[in-house]
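Read the structure below first, then the notes.
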Amino acid sequence: EQEGTYPLPEAQLDRFMFNLLIDYPNQADEVDIVKNNANINEKTVKISINRDNLLKYQNIIKEVPVADNVIEYAVNFVSETRPAHTSKKLIKDMIDWGAGPRASSYLILGAKAKAILDNRTTPDIADVQDMIKPVLRHRIIPNFNAETEGISKDSILDQLVTLL
């Protein structure tokens, strides 16, 4: 009857930590994909991480210390996405619904993970800024004005970064 899937309601989207944009593969990668899917592949799958190690790594991220000013930046940024809680004309003119408290927590968790991956012991504001679009793009709802002007969520978030 209908093809595709139904879009998730905002409450369900909010449970996903990231919304990553993935483009089509380049031609060479697509050729490799087709070769791997079109041939019999008898390779055995090796376990690269078990449940206990996965939980251990997740807990390591939670134990990474974060300076208060970095947390305050994340909370302030998320708060500024809420039209009723901001004085920023950009948000009042472009957003119907801003991000909730879960976004602040995910910004910090993402920033912690990025710092660890970059061999640093603690995240800074730049790490939070790097996480803004993946963490917030599915948590803000642009209004009719933004949609008719073709202004993307990413563009709104980029503009807000420059204001704060």
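The values are calculated or read from the model by the stated rules, or taken from the named source; none is laboratory data. The structure displayed is predicted, hence computed values, not measured ones. Don't worry about glycine lacking a Cβ; one is built from the backbone with ideal geometry, like all the others, and counts go over all protein chains shown. Quick note on the areas: whole protein, heavy atoms, side chains included, nothing else; ligands and nucleic acids left out. Shrake-Rupley method; radii C 1.70, N 1.55, O 1.52, S 1.80 Å.
Restrict the check to the stretch 36-48 and report whether at least one residue is in a loop (DSSP other than H, G, I, E, B), open to solvent by 80 Å² or more (accessible area, probe 1.4 Å) and within 21 Å of Ile116 (Cβ to Cβ). Break it down stepwise before answering.
Taking the stretch 36-48 first, the residues in a loop (DSSP other than H, G, I, E, B) are 39-48.
Then keep just the ones that are open to solvent by 80 Å² or more (accessible area, probe 1.4 Å); that gives 39-48.
Restricting the remaining residues to those that are within 21 Å of Ile116 (Cβ to Cβ) gives 48.
Yes: one or more hits.
Out of Leu21, Leu54, I need the residue that is closer than 30 Å to Gly98 by Cα, out of contact with any strand residue (DSSP E or B) (no Cβ under 9 Å at 6 or more places or on another chain) and either open to solvent by 70 Å² or more (accessible area, probe 1.4 Å) or not in a helix (DSSP H, G or I) (or both). Which one? So that I can check it myself, show each step before the final result.
Working: Leu54 fails: closer than 30 Å to Gly98 by Cα.
After applying the criteria, what remains is Leu21.
Considering each residue of the stretch 113-134, count those that are open to solvent by 20 Å² or more (accessible area, probe 1.4 Å) and within 20 Å of Ala67 (Cα to Cα), and give that number.
The qualifying residues number 15.
Restricting to the stretch 135-164, name every residue that is in a helix (DSSP H, G or I), crowded, with 18+ Cβ neighbours inside 10 Å and in contact with a helix residue (DSSP H, G or I) (Cβ under 7 Å, 6 or more places away or on another chain). Before the answer, list the steps.
Step one: list which residues in the stretch 135-164 are in a helix (DSSP H, G or I), which gives 135-136, 144-148, 153-163.
Keeping just the survivors that are crowded, with 18+ Cβ neighbours inside 10 Å gives 135-136, 146, 153, 156-157, 160.
Hits for the stretch 135-164 are Val135, Leu136, Ala146, Ile156, Leu157, Leu160.
Assess whether Asp124 counts as being in contact (Cβ under 8 Å) with a residue 40 or more places away in the chain, farther than 20 Å from Leu21 by Cβ, out of contact with any Leu (no Cβ under 8 Å at 6 or more places or on another chain) and charged (D, E, K, R).
Working: in contact (Cβ under 8 Å) with a residue 40 or more places away in the chain: yes; farther than 20 Å from Leu21 by Cβ: yes; out of contact with any Leu (no Cβ under 8 Å at 6 or more places or on another chain): yes; charged (D, E, K, R): yes.
Taking the combined requirement at face value, the residue satisfies it.
If you check every pair at least six apart or on different chains, which have Cβ atoms under 8 Å apart with a residue in the stretch 141-164 that is among the acidic types (Asp, Glu) first and a residue that is assigned to a helix (DSSP H, G or I) second?
Asp154/Lys133; Asp158/Lys133
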